[in-house]
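Quick note: the coordinates plus some simple rules give every number you see, no bench work behind them. What you see is a predicted model; the values in this text were computed from it and never measured. No Cβ is skipped: glycine too gets one built from the backbone with ideal geometry, and neighbour counts run over all protein chains shown.
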Amino acid sequence: MSFTTIEHSADCDTLAALRPRLSKLVKARAILRAFHFAGRPYDFDFDFQTDSALVCTELVCKAYESVSNQRGLTFPLSEVLGRQVASANDMVRQFDEQFGTSAQQVELVAFLDGVEKENRAVVSDVAGFRASHKRPKWFNLVQEGSGKKSDQ
């Protein structure tokens, strides 16, 4: 885990901010657990079995895992290159499947959707976020311009 500016972290195709449906105390404890991983290198092996190096989704999983008698968040794992990982796409798929049910673990705060061909992002809504995990891997290369006004 490393500390970077929001500009660096948000330099991506799409960006979502999610808020866990947990108490303030549970969220505070998760933040403290996340700080425990500060300074660890990026996990280019995507090995969720160890925490000597981490990827972003692994940090979220470890920070919010249930501990002792404290409820946390659970995320689905899928196999990527022979390893069990929780990908960002898996997390969006889970949000979509749980949306509007008592099982929903997080709320969408904001979703910026990239329009690659126009080199900009647009503010999108919960429906756009829920559908984003269904896009083909090559979506950013083949998408048409949106014609919407940019917030960037």
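Set the Förster distance to 25 Å, then compute FRET efficiency between Lys117 and Ser78 from the Cβ-Cβ distance, nearest 0.05.
Working: r = 29 Å, r/R0 = 1.16.
Computed FRET efficiency for Lys117 and Ser78 comes out at 0.30.
Relative contact order for the range 6-142 using alpha-carbon pairs under 8 Å, separation at least 6, rounded to a whole percent?
On the way: 170 pairs, mean separation 38.5, N = 137.
This gives 28 percent for the range 6-142.
What's the lysine pair count for the chain at a Cα cut-off below 27 Å, pairs eight or more apart or interchain?
12
Based solely on its DSSP helices, what 222 nm [θ] is calculated for the chain when runs of n ≥ 4 H residues each add -39,500 (n - 2.57) and the sum is averaged over all residues, nearest 500 deg cm²/dmol? Intermediate values should be presented prior to the final figure.
On the way: 6 runs with 47 residues, N = 152.
Helix contribution divided over all residues of the chain: -8000 deg cm²/dmol.
Could you check the spin-label model distance between Ala38 and Asp11? Points 7 Å from the Cα along Cα→Cβ, value in nm.
Placing both labels 7 Å beyond Cα along the Cβ direction yields 2.3 nm.
I need two numbers for the range 1-73: Rg to one decimal and Dmax as a whole number, Cα atoms only, in Å.
13.1, 38
Given the convex hull of the Cα atoms of the chain, what is a quarter of its surface area in nm²?
Details: hull surface 40.6 nm².
Over all viewing directions, the chain projects a mean Cα-hull area of 10.1 nm².
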